[in-house]
Amino acid sequence: MSYRSILLLLGLFLCLTSCLSTKRISYLQEHEKEVDSIIQVQQLKKPYRIQIGDLLSIRVKALDQELVGMFNPVGEANPTATTEERVYFDGFTVDDHGNIRVPTMGEINVLGFTEEEIRKKIEEKLLEDYFREEANIFVTVKLAGIRYTTLGEIGQGSQVVYKEQVTIMEAIANAGGITDFGDRENVQIIRQYPQGEEVHVVDVTDIDIMKSPYYYIQPNDMIVVNPLPRKTLGFGTTGLEVFRTVTSLITLATSIYFITTR
């Protein structure tokens, strides 16, 4: 086999192994066997149970607002404060013992409770110790945003989304998306549980992820996108980039060959 044939075969091999197929970089792909393109999304999201370190927003309203003023944060008096600033200073952080400290009411254990369960708990305590039924108090309890962290081949940093629920696709989009070199088939979700952290792997190229119990992220999730192996080769992602790289390599190899054989 001639030297030129070897270089040609080498270039062809690099092209075949370096280009990223659209299947590796496309999101939510349907299976070929799918007949109906309308996907029934299964609502597998279970009510979130409060954990240590969570930040809660609690509001108490009544017919006479002056009566409940002591239970509400004072930060509303500062209209120039950003949403995050208000949440940070006016929210209630769950301490290491699973408690929050509410003005006048003192410490309330919320660890392992849902938002609805905490709301009922506070409402019952208020009616028992401070108000009568005629006061018509109205209590709201919400997580102060869903906070998560992204690392790797994705926009890196901490993100906050002020919604009731956030899907993994929304979380990725909010972080700026996954780069062309990110491994979309093995996205890691590091999730906190009372017994410790666990790692879950999801494939965001497969539309079946919408049926996954990890389709909805939880507060304090860490989303890690590792690079594809070909990134370390540095050949590029498009056919044109690979062609340029291979051409440069062949030119260099040819030059070295002629110099050493003179």
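Structure summary
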item	result
Label-point separation in nm, GLU116 to VAL160, each point 7 Å along Cα→Cβ	2.7 nm
Links that overshoot a 25 Å alpha carbon limit, given the list LYS121/LYS211; LYS125/LYS163; LYS121/LYS163	LYS121/LYS211; LYS125/LYS163
Spin-label zone in the stretch 134-171 - amide nitrogen under 11 Å from a point set 7 Å from the Cα of HIS200 along the C-beta vector	168
The stretch 126-194: GluC sites (Glu not before Pro) falling in loop per DSSP and having at most 15 other Cβ within 10 Å	GLU164
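Taken together, the values in this text are just the output of simple stated rules run on the coordinates, not laboratory data. Everything numeric in this text was worked out from a predicted model, so none of it was measured. When we count neighbours, we look across all protein chains shown, and the Cβ atoms used for this are built from the backbone with ideal geometry, even at glycine.
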